[in-house]
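In what follows, a structure is listed as structure tokens, so that the remarks can point back to it.
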Amino acid sequence: MAKAYEELELQDDFMFGVIMRDPKYCKPFLETILGIKIRKLEYPESQKTIDLSAGAKGVRLDVYVEDERNTVFDMEMQVHIKRNLAKRMRYYQGMIDLNILEKGGDYNELKKSYVIFICTFDPYGQGRHLYSFEYLCDQDPSLTFGDETVKIILNTKGTMDDVSPEMKRLLEYIDGQTASDEFTRELDDAVQSARRNEKWRLDYMTLQQEYREKYNEGLEAGIERGIEQGIERGIEQGLERGIKILYCDIHMTIPEIAAKMSMTEQQVEKIVAGFGEIKEK
């Protein structure tokens, strides 16, 4: 069940997207995570949707921003333990690249990109606050692949002394602990202010309604398909039982059964194959 809007915290993807719309918070957030200085962020987009075709699985990104060096940053909150986290990151990366190429660019114009998952659980169980991945050569780890893609997983439950004190305090705040420095207090003030924003409250309620409608549509479609499959399987099982009686009990031949059931001999043989040795035709 979805949280009430007044209960949303920074770790909730809607609130995270709302707060990170403001470069005042997004810029130092990224700087703290990556240990770099960013002069400015350009065109920050919250909940950017990438849906390249009707048949493709669309992606709604929590926070999608670019800096002055033409680097793309995608940040996603992950509060539920999910399998295939790495493959989900791979899919997000691919969608981002395809979205860039969709605008008419060629391969050389693909931007350096960071896909960052902020997890309130430790996906690898090593106690690290940060897991960073880039492609390296198996034969010579000092040789990078050079595709300029970086995937970072942050763990708010980390126990190791592997990140800066500022980053540790930030992750602790995301995990639900009290704000303990200037930046986390600013973030907390922004969250409190956002909770009083009626427009964002309405946006959140509208989004939740859309989610409920899609869930119900999927549920109804699933039930309907389940009924169809049940009927299909019931007919199939009934047909198998009928042929089994004709073949095993009444001892009709395959050609006789085929004629009686308006089926080909090959279709009958396929079903009869599961009953044991086929009698001579």
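The values are calculated or read from the model by the stated rules, or taken from the named source; none is laboratory data. Only a predicted model underlies this, so the values are computations on that prediction, with no experimental measurement involved. In this analysis, Cβ positions are derived from the backbone assuming ideal geometry, glycine residues included, and neighbour counts consider all displayed protein chains.
Evaluate the following for Gln11: is it of a type outside the set (Ser, Thr, Tyr), assigned to a loop (DSSP other than H, G, I, E, B) and either at pLDDT 85 or above or surrounded by fewer than 17 Cβ atoms within 10 Å (Cβ to Cβ) (or both)?
Here the answer is yes, as Gln11 does meet what is asked.
Sort through Leu85, Leu98 and tell me the only one that's under 15 Å from Pro123 (Cβ atoms) and either modelled with pLDDT of 85 or more or under 19 Å from the mean Cα position of the chain (by Cα) (or both).
Values: Leu98 fails: under 15 Å from Pro123 (Cβ atoms).
Testing whether each residue is under 15 Å from Pro123 (Cβ atoms) and either modelled with pLDDT of 85 or more or under 19 Å from the mean Cα position of the chain (by Cα) (or both) leaves just Leu85.
Filtering the range 113-156 down to residues that are among the charged types (D, E, K, R) and within 21 Å of the chain's Cα centre (by Cα), which residue is surrounded by the most Cβ atoms within 10 Å (Cβ to Cβ)?
By that ranking, first place goes to Lys151.
Please give the number of the condition Arg83 fails out of (1) within 27 Å of Pro23 (Cα to Cα); (2) without any contact (Cβ under 8 Å) to a residue 60 or more places away in the chain.
Just one mismatch for Arg83, condition (1).
How many of the residues in the range 68-86 are part of a strand (DSSP E or B) and not polar (S, T, N, Q)?
6
Scan the range 89-137 for residues that are closer than 22 Å to Glu31 by Cα and in contact with a helix residue (DSSP H, G or I) (Cβ under 9 Å, 6 or more places away or on another chain) and report the count.
Within the range 89-137, residues that are closer than 22 Å to Glu31 by Cα and in contact with a helix residue (DSSP H, G or I) (Cβ under 9 Å, 6 or more places away or on another chain) number 12.
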